[in-house]
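Data block below; observations after.
The values are calculated or read from the model by the stated rules, or taken from the named source; none is laboratory data. Remember, it's a predicted structure, so these values are computed and weren't measured experimentally. Cβ: placed from backbone, ideal geometry, glycine included. Neighbour counts: every protein chain shown. For the accessible areas, the whole protein counts, side chains as well, though only heavy atoms, and no ligand, DNA or RNA atoms are used. Shrake-Rupley method; radii C 1.70, N 1.55, O 1.52, S 1.80 Å.
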Amino acid sequence: MALSHEELMRRIYQPRDTQELRQSYDIWADDYDDDIARQEYRLPGIITALMARHVTTGAGTILDAGAGTGLLGEWLSLAGFGDLLALDMSPGMLEHAACRGVYSGVQTGELGRPIDLPDGRFAAVASAGAFGITHAPASGFREMVRLTREGGHLVLSVRLEGMDEGGFEEEARDLETEGLVRRIESAGPLEAFAGDANSLYVVWVFLRLRGQA
């Protein structure tokens, strides 16, 4: 399917539904890395720095949630983190992620829906750019918590635009109130793309506590 860049960006940032979003990322997959590089994409480096601050290398398997083409996985690998699993809704993006050679596996799955993986499977969950009002919903937090073992960490970025409307802060507070996590660090707002004040994200670091998500 041939789309202009303008129409592709409209479908990415203002999708009509999840199916259109998935199709759009499949279409963008071949050019994604080059396009993102031109915009000086910062989130993978920021997420990796926070992971290195809180998670020891060799702690266990790490889930890259909303992995896309695997840019975050490559950063994590360079920082010494191994045994990475990539999860994304787009098969086209995951094909590119698998080719990086940094993941022990890739799995198709949609953030905000049940993920076919066992409770406490991961030592940490990292996510760069996936959560936001037009992308992965706040309800996806709870599933990420379920997948993280007790004493593990979650490092999750959330797009600032629409954050309140999307209920992200409310969901984070609910998880804390229920005693499932403790928020141990907040960073931002941060520009996901250098010099682009419209690409602001916050990054939250959670410690997984006892309890059933």
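When the criteria are applied in full, Ala213 meets the requirement of being surrounded by 14 or more Cβ atoms within 10 Å (Cβ to Cβ), modelled with pLDDT under 95 and in a loop (DSSP other than H, G, I, E, B).
Considering only residues in region 183-210 that are under 16 Å from the mean Cα position of the chain (by Cα) and in a loop (DSSP other than H, G, I, E, B), the one that is nearest to Phe122 (Cα to Cα) turns out to be Ala192. Looking at Phe131, is it within 20 Å of Arg208 (Cα to Cα), crowded, with 19+ Cβ neighbours inside 10 Å, aromatic (Phe, Trp, Tyr) and touching a Gly at 6+ places or on another chain (Cβ under 8 Å)? It is true that Phe131 is within 20 Å of Arg208 (Cα to Cα), crowded, with 19+ Cβ neighbours inside 10 Å, aromatic (Phe, Trp, Tyr) and touching a Gly at 6+ places or on another chain (Cβ under 8 Å).
Residues that are buried (at least 17 other Cβ atoms within 10 Å of the Cβ) and among the polar types (S, T, N, Q) within region 189-210 comprise just one, Ser199.
Filtering region 156-182 to residues that are within 17 Å of the chain's Cα centre (by Cα), of a type outside the set (Gly, Ala, Ser) and assigned to a strand (DSSP E or B) leaves Leu156, Val158, Arg159. For region 157-172, does any single residue satisfy the condition of being basic (Lys, Arg), touching a strand residue (DSSP E or B) at 6+ places or on another chain (Cβ under 6 Å) and touching a residue at least 24 places away in the same chain (Cβ under 8 Å)? Yes, there is a match, as at least one residue in region 157-172 is basic (Lys, Arg), touching a strand residue (DSSP E or B) at 6+ places or on another chain (Cβ under 6 Å) and touching a residue at least 24 places away in the same chain (Cβ under 8 Å). Inspect region 70-84 for any residue being modelled with pLDDT of 80 or more, closer than 20 Å to Ile133 by Cβ and among the aromatic types (Phe, Trp, Tyr) and give the result as yes or no. Checking region 70-84: not a single residue is modelled with pLDDT of 80 or more, closer than 20 Å to Ile133 by Cβ and among the aromatic types (Phe, Trp, Tyr).
Does Leu85 satisfy being under 17 Å from Gly60 (Cβ atoms) and either open to solvent by 20 Å² or more (accessible area, probe 1.4 Å) or not acidic (Asp, Glu) (or both)? Yes; evaluated as a whole, the condition is true for this residue. When region 47-67 is filtered for residues that are touching a strand residue (DSSP E or B) at 6+ places or on another chain (Cβ under 6 Å), of a type outside the set (D, E, K, R) and either assigned to a helix (DSSP H, G or I) or in contact (Cβ under 8 Å) with a residue 60 or more places away in the chain (or both), the ones remaining, listed by number, are Ile47, Leu50, Met51, His54, Val55, Ala59, Gly60, Thr61, Ile62, Leu63, Ala65, Gly66.
Of the residues making up region 166-188, those that are loosely packed, with under 15 Cβ neighbours inside 10 Å and either under 30 Å from Glu40 (Cα atoms) or at pLDDT below 85 (or both) number 5.
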